[in-house]
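Let me begin by presenting the structure, written as structure tokens, before commenting on it.
Rule-based calculations on the coordinates, nothing more; no lab input. All values reported here derive from a predicted model rather than from experimental measurement. Glycine gets a Cβ as well: all are built from the backbone with ideal geometry, and neighbour counts include every protein chain shown.
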Amino acid sequence: IDESEKFRIEYWELEEAKLRRMPKPKPLATRVAFVTGGASGIGRATAERLAAEGACVAVADRDSDAAAKVAEELGGPDTAVPVTVDVTDEEGVAAALREAVRAFGGVDLVVNNAGLSVSKPLLETSTADWDLQHGVMARGSFLVAREAARIMTEQGMGGDIVYIASKNGVVAGPNNVAYGATKADQAHQVRLLAAELGEHGIRVNGVNPDGVVRGSGIFAGGWGAQRAAVYGVPEEKLGEFYAQRTLLKREVLPEHVANAVFTLTGGELTHTTGTHIPVDAGVTAAFLR
Ligand code: NAD
């Protein structure tokens, strides 16, 4: 074989060796998770599921008391610590991730879940509404992901970043301009970060739930009443209404979203990055009425 052929073989051998060295997804029992908005709803159910699978969990939320309560319920400092953070605060986000590293020696699974909804019809949406919505969900999830990527690349052991995005980032719902636009922003953050971080063995994926009415602070805090008015159904029937629109006629609950986070991060989906799992009982695929 000539010199150039020899070089080609050596080059590919080296590339293959690098691939073998690349960090592989680890079982959850060896991992440290940082869940934003972990004190309520979907974030709380996710923290509970990850802890039940053996992960150590930082319950990161701007509501310190609720985060402390959840961390205690998950088993206290050996399993879970509360971390107070406002995800819109750059310094605060870096400090919060450092706190998780101090507690458990590293961070290799981050769930970008903190959120709120101030969506209104377009002509009633103020610039302040738009900025608040995008501050928490677009800027906040970017800040958390950037800091997580910094830590994970330094650790050199790969990792997972999961965005709790939404079907509202894929299809347009009524009176939803600020919320829907920011969920679409998160959806593209998933793809962009997956592209940049793949070579470090860091996978970036999203979960797209349908409306999760029961257990959601967002729905209890006014969004439920607003949605009920938009759809012309009593607020107490909203969960049922959402379920009846789906192909499976099933209501999506926080634990169903947590199941998807577990599936993405639990070690089996080794070749999945840059994509979203719908947890919507089929409503994004087709609507029947
Ligand atoms: P929730 O209100 O029950 O929980 C949100 C948590 O985020 C709260 O604990 C809140 O304190 C925290 N939070 C809000 N702003 C924060 C900030 N600036 N910094 C730190 N923490 C902050 O809501 P949920 O329904 O469980 O929603 C969680 C996520 O799931 C959100 O991103 C939401 O957009 C997304 N989602 C919800 C639904 C739904 O129907 N409930 C559907 C699709 C996607």
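So the values come out like this:
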| quantity | calculated |
| --- | --- |
| Cα-derived Rg to Rh of the stretch 25-108, Kirkwood definition | 0.94 |
| For the chain, calculated [θ]222 nm from helices alone, where every DSSP H run of n ≥ 4 adds -39500 (n - 2.57) | -14000 deg cm²/dmol |
| Computed lengthening from HIS188 to LYS237, 0.36 nm per intervening residue step minus Cα-Cα distance | 14.3 nm |
| Dipole of the chain [Lys/Arg +1, Asp/Glu -1 at C-beta], most positive-end residue of PRO121, GLY76, GLY198 | PRO121 |
| log10 of Debye I(q)/I(0), alpha-carbon scatterers only, for the chain at 0.13 Å⁻¹ | -0.85 |
| Cross-link partners of LYS26 among aspartates and glutamates (Cα-Cα below 18 Å; sequence separation of 8 or more within a chain) | GLU53, ASP108, GLU154, ASP160, GLU199, GLU268 |
| Long pairs among LYS167/LYS237; LYS120/LYS167; LYS24/LYS69; LYS69/LYS237, criterion Cα-Cα beyond 28 Å | LYS24/LYS69; LYS69/LYS237 |
| Kirkwood hydrodynamic radius (C-alpha pairs) into Stokes-Einstein, the stretch 126-179, 10 °C and 1.306 mPa s, D in µm²/s | 121 |
| Gained length - GLU90 relative to GLN244, 0.36 nm times residue gap less alpha-carbon distance | 51.3 nm |
